[in-house]
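The values are calculated or read from the model by the stated rules, or taken from the named source; none is laboratory data. Nothing here was measured: the structure is a model prediction, and the numbers come from that model. A quick note on method: Cβ atoms are made from the backbone with ideal geometry, for glycine too, and the neighbour counts reach across all protein chains shown.
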Amino acid sequence: MGTREETTGGGRLTKVVSVRDVWKFYGKVEVVKGVSFDVDEGTTTVIFGPSGAGKSTLLRCINMLHIPDRGTVFLRDIDLMKAGHKLNYYRSKFGMVFQHFNLFNHMTVLENVMIGPKVVKRISSDEARLTATKALREVRMEDWSKHYPSQLSGGQKQRVGIARALAMDPEVLLFDEPTSALDPELIGEVLQTMLDLAKEKKTMICVTHEMGFAKAVSSEMIFMDEGVIVETGSPEHFFTNPTNERTKRFLGRLTELYGRHENKNEAVAGKK
Amino acid sequence: MTGTPHLPPFFDTILSHLAFIIEGLPVTLSLTVYGMSLGFLLGLPMAILRVYGGANGRLFVVSYERVMRSVPPLVLIFVFYFGIHTSVFDVPGFLAVALALGLCSSGYQSQIFRGALESIGSGQMDAARSLGMGRLQAIRFIVAPQALRFALPSWANELATMIKDTSLAFVVGVAELMRRTDYVRAATYDPLIPFLLVAGIYFAIVFPITRIAGTWGREKKRLVVGG
C-alpha cells in the first residue's frame, strides 16, 4: 500500500494526485505492476526509466486514458475508478502533452487550442478564442495562430500541444516524453516552456529523460523499471547517491548520452 | 463519313438524338445524388460502428457489408420494384433504383470510411479524449473531419461507379440517359450511333471525376501529414 505516509513539511502542500497500487495488463503482459505515489500541489514529479518500463502506460492510467486493471487514482479526493459518467469531466482536469504532439492536423493552431474549451467546457467561440490566445502567449506561439500544424517545426508543434493542454486550465499537466521526438536543436524551446510552467507552480508529472530539467525543477523523481517503482527520491538523492544498482546503471548510461547531446534523439526516426 | 454528301443531315440527326438523350441527364444525376446520399448516411455510421463499436458492432457491420457488396444492384432494384411494389405498397421505379443503389453503395462507402477512420492515428483520439471529450465528440470534431478528407479520392471513385450504375434504372422504365437512348434506338432502328452517343456522355461526366480522384489520391499523403 502507500509507500510514503510521512507528512510533508508543515502540511502546507496538498496532494493533487494519488496513485494507489495501479496495475495494467496487456493480455498476459504486466506492464504496470502495483505502482503507488503522490503528487503535491505545485510540484514537478519526473518519472524516468528504460523503455518498456511502463512509464507511458502509467501516465495514461493517471488520467484514465487507459483504465487500470487494478488499483485506482485519486484526483484530490475523487476516486477516478468510481467516477462513472463524470470521468470525461475529471479527465479534462488533466492536461496531457504527447511525445508525437498529436495536434489536430485539420485545424489551425488557434483552433487546436480553442476546441477543448469550446467543446468540453461549452464556452462561446469568443471566450474560447481569448482563452486560447492567452495560452498561446504563454508558450510564445501567438504569432502562429493561423498556421496549420504541418507548417510548424517539431518544437513549435510541441509548444502548441502544451498550449492546448493549458487552455483547459487543468489541475495537473502530464508530459509523455515531450522532447524525445524532437531534433536536438528544438528541445531547448520546449524545455524552457516547461521550466516556465514549473516556476509558475503548475503541478506537473513528466515522463522524461531530460535530467537537466529534472535537476532544475523536480521535487521528486521516480525511477521505474519492468513495471515497478525501483527508487524514488529528490534529484539530489539520485545524482549524489542512488542506492539501487539498476538506478545507478541507468543513470550512468544516461550521463554517457548526455555528453553527446545529439545521440538523444533515438525516437526521432520519422514518426508521423 | 468524310466528304459524303450526307454530312449535314447526319450531323442533324446526331444533334437531335443528343438533344433527346440529354434530357435524361437530370434524372441520371438526381439518381446519383440520392444513391450517394443514402450510401453516405448509412455507410458513415456503419464505418464508425465498425471501428469503434467493439466486437458486436464489427460483426454486425461486416455482415451487412458482405451482404450489400455481394448482391447485384439489379437484384435489389427488382426486389424493391417488383417484390415490395406488389405486396406492400407502390414503389415507383425512381425510388426503387435510388434505394437499391444507395444500399449497395452503403456497403462500399462503409468500407471506404472504415479505411479512412483507421488511417487517422490513435494519437488524435487520445489527444481529444485527454481534453475531456467523450468518444462521440472526439469522432465528430477530430477524427471524422480528417477521415472524410482522407476518404475523398475513394469516395469520388465510388461516385463514378454510381453514375454508371444508374443506367440500370433503364430496366424499370426510369427515363434517365440509358432509357432515353433506347427510345432513340427503337424509333430509328439505329443500333449503334445512339449508344455511342450515350457512351460519350457518360465518359464526359465520369472521366473528369476519376481524374480529379486520381489527383486527390496522389495528394492524399499531404492531407494527413503533420503531427
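Take the conditions closer than 30 Å to residue A:95 by Cβ, modelled with pLDDT under 95 and not basic (Lys, Arg) and apply them to residue B:122. Does it pass? Show your work before the answer.
Values: closer than 30 Å to residue A:95 by Cβ: yes; modelled with pLDDT under 95: yes; not basic (Lys, Arg): yes.
Yes: the conditions hold for residue B:122.
Would you mind finding the one in B:142, B:77 that is assigned to a helix (DSSP H, G or I), within 14 Å of another protein chain (Cβ to nearest Cβ) and among the β-branched types (Val, Ile, Thr)?
Numbers: B:77 fails: within 14 Å of another protein chain (Cβ to nearest Cβ).
Only one candidate passes the filter, namely B:142.
Looking only at the range A:133-155, which residues are of a type in the set (Gly, Ala, Ser), assigned to a helix (DSSP H, G or I) and either touching a residue at least 60 places away in the same chain (Cβ under 8 Å) or within 12 Å of chain B (Cβ to nearest Cβ) (or both)?
Residues of the range A:133-155 that are of a type in the set (Gly, Ala, Ser), as a first pass: A:135, A:145, A:150, A:153-155.
Okay, now just the ones that are also assigned to a helix (DSSP H, G or I), so A:135, A:150, A:154-155.
Residues satisfying the conditions are A:150, A:154, A:155.
When you go through A:198, A:165, A:181 one by one, which is the residue that is within 16 Å of residue A:133 (Cα to Cα) and among the hydrophobic types (A, V, I, L, M, F, W, C)? Please lay out each step first, then the result.
Values: A:198 fails: within 16 Å of residue A:133 (Cα to Cα); A:181 fails: within 16 Å of residue A:133 (Cα to Cα).
Criteria check complete, one pass: A:165.
Output the number of residues of the range A:71-109 satisfying the condition of being more than 7 Å from chain B (Cβ to nearest Cβ), assigned to a helix (DSSP H, G or I) and either buried (at least 22 other Cβ atoms within 10 Å of the Cβ) or polar (S, T, N, Q) (or both).
2
Quick check, is residue B:44 at pLDDT 95 or above, of a type in the set (A, V, I, L, M), within 30 Å of residue B:125 (Cα to Cα) and under 15 Å from the mean Cα position of the chain (by Cα)? Break it down into steps so the answer makes sense when it comes.
On the way: at pLDDT 95 or above: yes; of a type in the set (A, V, I, L, M): yes; within 30 Å of residue B:125 (Cα to Cα): yes; under 15 Å from the mean Cα position of the chain (by Cα): yes.
In short, yes.
Residue by residue through the range B:156-203, note down the ones that are in a loop (DSSP other than H, G, I, E, B) and of a type outside the set (A, V, I, L, M). Walk me through how you get there before you give the answer.
Taking the range B:156-203 and keeping what is in a loop (DSSP other than H, G, I, E, B), we get B:173-176, B:189-192.
Of everything in the range B:156-203, those that are in a loop (DSSP other than H, G, I, E, B) and of a type outside the set (A, V, I, L, M) turn out to be B:173, B:176, B:189, B:190, B:191.
Residue under question is residue A:210, and the condition is that it be modelled with pLDDT under 95 and in contact with a Leu (Cβ under 7 Å, 6 or more places away or on another chain); does it hold? Let's see the steps before the verdict.
On the way: modelled with pLDDT under 95: yes; in contact with a Leu (Cβ under 7 Å, 6 or more places away or on another chain): yes.
Yes, satisfied.
Taking the residues in the range B:30-39 that are touching a residue at least 12 places away in the same chain (Cβ under 8 Å) and not small (Gly, Ala, Ser) as candidates, determine which candidate is surrounded by the most Cβ atoms within 10 Å (Cβ to Cβ).
Taking the candidates together, the pick is B:31.
Looking at the range A:55-66, can you tell me whether even one residue there is modelled with pLDDT of 95 or more, more than 14 Å from chain B (Cβ to nearest Cβ) and touching a strand residue (DSSP E or B) at 6+ places or on another chain (Cβ under 8 Å)?
Yes, the range A:55-66 has at least one match.
Yes/no per residue for (1) more than 14 Å from chain B (Cβ to nearest Cβ); (2) touching a residue at least 40 places away in the same chain (Cβ under 8 Å); (3) of a type in the set (Gly, Ala, Ser):
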position: A:162; (1), (2), (3): no, yes, no
position: A:183; (1), (2), (3): no, yes, no
position: A:200; (1), (2), (3): yes, no, no
position: A:204; (1), (2), (3): yes, yes, no
position: A:219; (1), (2), (3): yes, yes, yes
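In a helix (DSSP H, G or I), surrounded by fewer than 24 Cβ atoms within 10 Å (Cβ to Cβ), more than 8 Å from chain B (Cβ to nearest Cβ) and of a type outside the set (Lys, Arg), is that true of residue A:169?
The answer is no for residue A:169.
Please work out which residue is farthest from the other protein chains (Cβ to nearest Cβ), limiting yourself to the range A:116-132 and to residues that are small (Gly, Ala, Ser) and farther than 13 Å from residue B:128 by Cα.
From the range A:116-132, those small (Gly, Ala, Ser) are A:116, A:124-125, A:128, A:132; that's our starting set.
Remaining after also requiring farther than 13 Å from residue B:128 by Cα: A:124-125, A:128, A:132.
Details: A:124: 16, A:125: 13, A:128: 12, A:132: 12 Å.
Residue satisfying both the conditions and the ranking: A:124.
Residues in the range B:67-74: is at least one away from chain A (no Cβ under 12 Å), surrounded by 20 or more Cβ atoms within 10 Å (Cβ to Cβ), hydroxyl-bearing (Ser, Thr, Tyr) and assigned to a helix (DSSP H, G or I)?
The answer is no; no qualifying residue exists.
Test residue B:142 against the criterion of being surrounded by fewer than 22 Cβ atoms within 10 Å (Cβ to Cβ) and in contact with a helix residue (DSSP H, G or I) (Cβ under 9 Å, 6 or more places away or on another chain), and give yes or no.
Working: surrounded by fewer than 22 Cβ atoms within 10 Å (Cβ to Cβ): no; in contact with a helix residue (DSSP H, G or I) (Cβ under 9 Å, 6 or more places away or on another chain): yes.
Criteria not met by residue B:142.
Out of curiosity, is residue A:113 within 11 Å of chain B (Cβ to nearest Cβ) and either farther than 27 Å from residue B:135 by Cα or more than 15 Å from the chain's Cα centre (by Cα) (or both)? Write out each step before concluding.
On the way: within 11 Å of chain B (Cβ to nearest Cβ): yes; either farther than 27 Å from residue B:135 by Cα or more than 15 Å from the chain's Cα centre (by Cα) (or both): yes.
Criteria met by residue A:113.
In the set B:168, B:192, B:196, B:152, which member is within 14 Å of another protein chain (Cβ to nearest Cβ) and either aliphatic (A, V, I, L, M) or surrounded by fewer than 18 Cβ atoms within 10 Å (Cβ to Cβ) (or both)?
Numbers: B:168 fails: within 14 Å of another protein chain (Cβ to nearest Cβ); B:192 fails: within 14 Å of another protein chain (Cβ to nearest Cβ); B:196 fails: within 14 Å of another protein chain (Cβ to nearest Cβ).
Checking each option against the conditions leaves just B:152.
Scan the range B:104-128 for residues that are buried (at least 24 other Cβ atoms within 10 Å of the Cβ) and within 13 Å of chain A (Cβ to nearest Cβ) and jot them down. Can you show your working first?
Keep residues of the range B:104-128 that are buried (at least 24 other Cβ atoms within 10 Å of the Cβ), which gives B:104-106, B:109-110, B:112-114, B:116, B:127-128.
Answer for the range B:104-128, where residues must be buried (at least 24 other Cβ atoms within 10 Å of the Cβ) and within 13 Å of chain A (Cβ to nearest Cβ): B:116, B:127, B:128.
How many residues does the range A:30-51 hold that are assigned to a loop (DSSP other than H, G, I, E, B) and in contact (Cβ under 8 Å) with a residue 12 or more places away in the chain? Spell out the reasoning first.
Keep residues of the range A:30-51 that are assigned to a loop (DSSP other than H, G, I, E, B), which gives A:41-43, A:49-51.
Next cut, in contact (Cβ under 8 Å) with a residue 12 or more places away in the chain only: A:41-43, A:49-50.
Here the count works out to 5.
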